[in-house]
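So the structure is just underneath, and the comments pick up after that.
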Amino acid sequence: MSAFSNKTVLITGATGLMGSHIASFLLKENNVKIVALSRNKEKLERIYKEYIKAGRVKIIAQDASKPINDDIGCIDYIFHAASPISGAVIKESPVDVIEPNVLGTKYLLDFLKNQTQETGKKGRLVLFSSATVYANNTSENITVKEDETSIADNLDAVNSPYSESKRFIEVLAKAYSRQYGIETIIARFSYIYGPVPYMPNTAFYEFINKAERGEDITLNNSDIARRDNIYVEDAVRGVLLIAEKGISGESYNISSNGDLGNFKAVDEMAQIISHQINESLNIKTQVKYLSEKSENRKPGICMDNNKLKQLGWNIQYSIEQGIKETINYYLNN
């Protein structure tokens, strides 16, 4: 944390899962100042109320696909965490997915380029990429390293606006690094879960809501691929570490590699959620399948995290611990 002392940090997507947790971690260091950007001013004011009053957080309520005004002063680190992740948004509003990824990244890179030219001060962009850059066109479970990106989604795939825009912004960031010397670090996240003030519209949080209401969790089938999941605090520690120690222009998997039971499918996570909420609330929710349960699953991908471990990081949360922390947060708030 000392690396961020007396620094100013811009976080896009500052009301989301990763953005809000990064801010929370950094604000434990008394000399860090945060510029928090999100589309919703009301959410920003609610989450950062005490820090806004103390002059430690400046909020910007705007879409991440718009240029950043240079009146915010010099920035030491940018965490570009703004990106829709809901499957419904990706399917129904693909342009709204592409713009904050592609245009937002371009504007942030230009901001740092102009800052260096005008003030001589270099900032560092930590770009949030995704497990989707590895696609999933295998016939068996595999583990992928950072240089294994030769397989991509079909361009007509529903998810391609998300996965292809993530691939492109990696290329864009590395281009700015080579041509203009902009400090860029690429964080490829596996599937992050954990508590967040405003729940995303994804299956994991829908399961928690249903179970807390005493409703059964219903899934279409049981052959869902397992995936590499990581609890948000482990992910935050990883991304802060590469922000400090990562090599400019390189990519880092921020992932569990399946350690501590984190290689799980969404229906298996639903089972853990149901069990833990049943115990906490003394109710009896169940996970039900609309089709006959199958023992065979589609192949899944784990993301090798040895490159991150070499910087001194290790995963701390098992899947059960992470889900328990998440459920307790919502039960207590």
Working only within segment 195-243, note down all residues that are among the aliphatic types (A, V, I, L, M), in contact (Cβ under 8 Å) with a residue 60 or more places away in the chain and closer than 30 Å to Lys7 by Cα.
Val196, Ile230, Val232, Ala235, Val236, Val239, Leu240, Leu241, Ile242, Ala243
Select from segment 303-313 the residues that are surrounded by fewer than 22 Cβ atoms within 10 Å (Cβ to Cβ) and within 15 Å of Ser190 (Cβ to Cβ) and list them in ascending order.
Asp304, Asn306, Lys307, Lys309, Trp313
Subset of segment 213-247 [in contact with a helix residue (DSSP H, G or I) (Cβ under 6 Å, 6 or more places away or on another chain), at pLDDT 95 or above and of a type outside the set (Val, Ile, Thr)]
Tyr231, Gly238, Glu244
Is one or more of the residues making up segment 192-201 out of contact with any Ser or Thr (no Cβ under 9 Å at 6 or more places or on another chain), of a type in the set (Val, Ile, Thr), surrounded by fewer than 16 Cβ atoms within 10 Å (Cβ to Cβ) and not in a helix (DSSP H, G or I)?
no
Checked against (1) at pLDDT below 95; (2) crowded, with 17+ Cβ neighbours inside 10 Å; (3) among the acidic types (Asp, Glu), Asp76 satisfies every condition except (1)
(1) of a type outside the set (Asp, Glu); (2) more than 23 Å from Ile22 (Cα to Cα); (3) modelled with pLDDT of 95 or more: which one isn't true of Leu103, the others all being true?
(2)
Anything in segment 173-194 that is under 19 Å from the mean Cα position of the chain (by Cα) and under 18 Å from Lys122 (Cα atoms)? List them, or say none.
Ala173, Thr184, Ile185, Ile186
Hits in segment 161-203 (condition: at pLDDT 95 or above and among the aromatic types (Phe, Trp, Tyr))
Phe168, Tyr176, Tyr180, Phe189, Tyr191, Tyr193
Please list, ordered by residue number, the strands (runs of 3 or more DSSP E) wholly in segment 1-99 having 3 or more residues that are more than 24 Å from Leu241 (Cα to Cα).
57-61
Residues in segment 60-74 that are under 22 Å from Leu26 (Cα atoms) and touching a residue at least 40 places away in the same chain (Cβ under 8 Å): how many?
5
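Just for segment 249-294: of the residues that are of a type in the set (Ser, Thr, Tyr) and in a helix (DSSP H, G or I), which one is surrounded by the most Cβ atoms within 10 Å (Cβ to Cβ)?
Ser274
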Picked from segment 100-145 (must be among the aromatic types (Phe, Trp, Tyr) and not in a strand (DSSP E or B)), the residue surrounded by the fewest Cβ atoms within 10 Å (Cβ to Cβ) is Tyr107
Residue count, segment 295-314 (criterion: in a loop (DSSP other than H, G, I, E, B) and either under 16 Å from Leu331 (Cα atoms) or in contact with a strand residue (DSSP E or B) (Cβ under 6 Å, 6 or more places away or on another chain) (or both)):
3
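The values are calculated or read from the model by the stated rules, or taken from the named source; none is laboratory data. Since we're looking at a predicted model, the values are computed, not measured. Ideal geometry is used to build each Cβ from the backbone, glycine not excepted, and the neighbour counts take in all protein chains shown.
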